[in-house]
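For reference, the structure discussed in these notes is given below.
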């Protein structure tokens, strides 16, 4: 017999005797209990009884009792396909099936979960009709087929589609109609998530690394941690009433944070049609154009005023170029996406390092950018200081007539 099966019966018998044997019992009574235990946990007697009791349990992937312990729905074993879609879902994670039902019959599930020599469970061997399981289940008290039929009934699904008013439900739009969906909990997936998070947070390596941090000592590996976790409970003080996996987890499960991402605001607006119109806020440049306007309004035309005007223009140009360099620093190839296809090629060459070869080896684009730059300076000054601009234009017209 398989060692795990032998250990299972030995542990069950020891626990049964521990509850029955009392120091005050006579030797004959103790011997009688010992004989009774040997008979009760003999494979030939226990297996037929277990096959009858297996029908009191149901193996599922999505128990309904997580919504409410009294909920009763059709037994569901989800068989979803695996796909590299990045989702944490059934099919993309291997996890064990859950069981619920009569707590007094849970020993049957534990027996079916025992591993054989090849690493497969007793239940798997029964489903495959292996020679190893047939040799163990060849008994004088029951046929192999009857034992198999009884024990595998734990995994047999009914053909009904039954839900329960206690299960959370939602109307989901499908075409011009709605389907009423009953929301069930993938308990095996919850267990996998909990075990993996516990391994990250409470492994021996993590404990050692945290201890080193507390002592201000170096740790070569370090540790990871997860924040903003919420722990939810199922089943209250009786988690075993929900399912086996829930009982193993003491009714606890982790909920990961589900909040919108924190978006870092860009310091520069990428141009979609024209850098000078899209990325340069006119009113933000008012303080830069103010000294220029004061010099123009003086009406004086000497070397000092002309140098002052040139310095003001240089400063404005420098501020614009700083914003252009920020656009370049955003990343190479940003202008190749569909959203920026209306941006003139000359400005793409100027602002996107994907065109750095054309920028350094060609000059055709430069004339277009310089022309747009000049028009922006004139248009911005006219917009910010319209009265001065109109007066200057009138003065220029009068001088031209004279």
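Return the tail of the calculated pair distribution for region 82-161, meaning the percent of Cα-Cα pairs more than 18 Å apart.
On the way: 1747 of 3160 pairs.
Beyond 18 Å sits 55 percent of the P(r) for region 82-161.
The long axis of helix 43-53 is offset from the longest Cα principal axis of the chain by roughly 60 degrees. Between 308, 91, 222, the Gaussian network model of the chain with springs among Cα atoms under 10 angstrom shows the greatest mean-square fluctuation at 308.
As a check on your grasp of the helix formula, calculate [θ] at 222 nm for the chain: sum -39500 (n - 2.57) over DSSP H runs of n ≥ 4, divide by the residue count, round to the nearest 500. Walk me through the intermediate numbers first.
Numbers: 17 runs with 197 residues, N = 402.
Mean residue ellipticity, 222 nm, calculated: -15000 deg cm²/dmol.
Mind jotting down the distance between the C-alpha centroids of region 352-386 and region 189-254, whole Å? After rounding, the separation between the Cα centres reads 58 Å.
For residue 74 and residue 330, FRET efficiency with R0 = 60 Å and r from the beta-carbon atoms, rounded to 0.05?
Working: r = 54 Å, r/R0 = 0.90.
My answer for the efficiency is 0.65.
The GNM of the chain, with springs linking C-alpha atoms under 10 angstrom apart, assigns the highest mean-square fluctuation among 370, 170, 99 to 370. Taking the longest Cα principal axis of the chain as reference, the axis of helix 364-384 is set at about 80 degrees. Please report how far the C-alpha centroid of region 142-183 lies from that of region 21-42, rounded to the nearest whole angstrom. Taking the Cα centre of each part, region 142-183 and region 21-42 sit 44 Å apart.
Mind telling me which of 176, 28, 159 comes out most flexible in a GNM of the chain, alpha-carbon contacts under 10 Å? Result: 176 has the largest fluctuation of those listed.
Our summary of shape: the Cα atoms of the chain have principal axis extents of 137, 63, 43 Å, ordered from largest down, in whole angstrom. Just so you know, the Cα atoms of region 42-189 work out to an Rg and Dmax of 18.1, 62 Å.
Between the helical axis of 27-40 and the longest alpha-carbon principal axis of the chain there is an angle of about 60 degrees. Structural descriptor for region 275-401: relative contact order 25 percent, calculated from alpha carbon pairs under 8 angstrom and at least 6 residues apart. Per the Debye formula on identical point scatterers at the alpha carbon atoms of region 275-401, with no solvent, log10 I(q)/I(0) at q = 0.13, 0.18, 0.21 Å⁻¹ is -0.65, -1.02, -1.22.
Between residue 96 and residue 269, the simple label model (points 7 Å from Cα in the Cβ direction) yields a spacing of 5.9 nm.
In region 191-233, Cα pairs under 8 Å separated by at least six residues give a relative contact order of 38 percent.
Taking the DSSP beta bridges with both ends in region 31-183, the antiparallel portion is around 90 percent.
Please tell me the relative contact order of region 1-88 in percent, rounded to the nearest whole number, where contacts are Cα pairs under 8 Å and at least six residues apart.
On the way: 35 pairs, mean separation 15.9, N = 88.
With pairs under 8 Å counted, the relative contact order is 18 percent.
Read-outs: derived from the displayed coordinates by stated rules, not from any lab. Predicted, not measured: the structure shown is a model, and the values here were computed from it. Here the Cβ is made from the backbone with ideal geometry for all residues, glycine too, and neighbour counts use every protein chain on show.
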